[in-house]
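Undergrad: Here it is, the structure in full.
The values are calculated or read from the model by the stated rules, or taken from the named source; none is laboratory data. Predicted, not measured: the structure shown is a model, and the values here were computed from it. In this analysis, Cβ positions are derived from the backbone assuming ideal geometry, glycine residues included, and neighbour counts consider all displayed protein chains.
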Amino acid sequence: MSTRGGVTLRYGALVVMAVTVLLPFVGIVLAALHSPGAQISGLSIPDQWSWQNFALAWERGNFTNLMRSSVLIAFCVVPLAVVLAVLAAFGLTVLKVWGNRTLSAGFVLGLTLPVELVVVALYFNLREVGLTNSYIGIILAEAALFMPFGVYWMQTHFSSVPDELVEAARIDGARDLVVLLRVLLPISWPAITTLSVLYFMWSWNQFLLVLVMMQDPDRRTAPSGLGLFVGQYSTDIPLLAAASLIVIAPIVIVYLTFQRSFVNGISQGAIKG
């Protein structure tokens, strides 16, 4: 009886948490389906379902250019940051390069540095080399800012791989790069997929860095454009809700696409940790 009560309590807590998370999202969807300019208070079902707000928000918010910039930056940042994180973690954990403990501690320290603390100094440094107001500057900056977590994540994964597996490959004559590509990577895809999804979410949601580094409004990303959109249409709740859903949609799509691998990677990390 006590076991059933415990299971019921856990499921009840999960249901409450799910409702707490999904209720605001449902409110945004319902608000976006109201007629343009309608006054909304709380959760209210529209009398007449209207999809016009999405077209209006897309046009007025210049989301064609904004979404193009977001996709370009995210699809460059994710593979670059993942490759660098995997190589760094491999060198520090498997190859045990000179000073690996100090370098690992430095990456862990980097986890404590928020973007707000370094964005001004980063702007002046990149301005000196002509990388402000350019996609390359933002891509390199985001990849560098995401590195500490990526290295820590992959180090945790590589440290859980049995040493015998790597030693057996080396006995067979495999070099370091072969060990990484043919031995470690095939068993690391859940961890890499999870890291890639997280990187995509962080890159897509990056606001302050893009706002500071990119002065051209047409080349900013969707979240930064949404911030300006809110200032212009702060009283039109249906239009704001539609614009918010446009910005959120790619993250939802990516998460649903890689949901199984993402959850497996998180679960493995939790178990190994």
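Undergrad: Looking only at the range 78-100, decide whether some residue is among the polar types (S, T, N, Q) and more than 28 Å from residue 250 (Cα to Cα).
TA: Yes, some residue in the range 78-100 is among the polar types (S, T, N, Q) and more than 28 Å from residue 250 (Cα to Cα).
Undergrad: Just wondering, is there one or more residues in the range 145-163 that are without any contact (Cβ under 8 Å) to a residue 40 or more places away in the chain and either more than 30 Å from residue 255 (Cβ to Cβ) or among the acidic types (Asp, Glu) (or both)?
TA: Yes - at least one qualifying residue is present in the range 145-163.
Undergrad: Got at least one residue in the range 56-68 being farther than 27 Å from residue 194 by Cβ, among the β-branched types (Val, Ile, Thr) and exposed (fewer than 15 other Cβ atoms within 10 Å of the Cβ)?
TA: Yes, the range 56-68 contains at least one residue that is farther than 27 Å from residue 194 by Cβ, among the β-branched types (Val, Ile, Thr) and exposed (fewer than 15 other Cβ atoms within 10 Å of the Cβ).
Undergrad: Quick check: anything in the range 155-171 over 24 Å from residue 189 (Cα atoms) and β-branched (Val, Ile, Thr)?
TA: Within the range 155-171, one or more residues are over 24 Å from residue 189 (Cα atoms) and β-branched (Val, Ile, Thr).
Undergrad: A follow-up question, please. Identify the single condition in (1) in contact (Cβ under 8 Å) with a residue 24 or more places away in the chain; (2) on the phi > 0 side of the Ramachandran plot that residue 192 does not satisfy, given that it satisfies every other one.
TA: Against the list (1) in contact (Cβ under 8 Å) with a residue 24 or more places away in the chain; (2) on the phi > 0 side of the Ramachandran plot, residue 192 comes up short only on (2).
Table: residues versus (1) assigned to a helix (DSSP H, G or I); (2) surrounded by fewer than 21 Cβ atoms within 10 Å (Cβ to Cβ).
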{"position": "140", "(1), (2)": "yes, yes"}
{"position": "173", "(1), (2)": "no, yes"}
{"position": "180", "(1), (2)": "yes, no"}
{"position": "186", "(1), (2)": "yes, yes"}
{"position": "194", "(1), (2)": "yes, no"}
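Table: residues versus (1) of a type in the set (D, E, K, R); (2) touching a strand residue (DSSP E or B) at 6+ places or on another chain (Cβ under 8 Å); (3) at pLDDT 90 or above.
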| site | (1), (2), (3) |
| --- | --- |
| 163 | yes, no, no |
| 177 | no, no, no |
| 182 | yes, no, no |
| 217 | no, no, no |
| 221 | no, no, yes |
| 229 | no, no, no |
| 234 | no, no, no |
| 243 | no, no, yes |
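Undergrad: Exactly one of (1) over 23 Å from residue 221 (Cβ atoms); (2) of a type in the set (S, T, N, Q); (3) more than 22 Å from the chain's Cα centre (by Cα) is unmet by residue 132. Its number?
TA: (1)
Undergrad: Out of the range 90-129, which residues are over 19 Å from residue 210 (Cβ atoms) and part of a loop (DSSP other than H, G, I, E, B)?
TA: Of everything in the range 90-129, those that are over 19 Å from residue 210 (Cβ atoms) and part of a loop (DSSP other than H, G, I, E, B) turn out to be 95, 96, 97, 98, 99, 111, 112.
Undergrad: Moving to a separate point now. Out of curiosity, is residue 241 in contact with a Gly (Cβ under 9 Å, 6 or more places away or on another chain), under 20 Å from residue 135 (Cβ atoms) and surrounded by 18 or more Cβ atoms within 10 Å (Cβ to Cβ)?
TA: no
Undergrad: Can you tell me which residues in the range 196-217 are under 22 Å from the mean Cα position of the chain (by Cα) and assigned to a loop (DSSP other than H, G, I, E, B)?
TA: Passing the criteria: 206, 207, 214.
Undergrad: Which is part of a helix (DSSP H, G or I) and surrounded by 10 or more Cβ atoms within 10 Å (Cβ to Cβ), of 46, 36, 79? Lay out the reasoning, then the answer.
TA: On the way: 46 fails: part of a helix (DSSP H, G or I); 36 fails: part of a helix (DSSP H, G or I).
None of the other options fit; the residue is 79.
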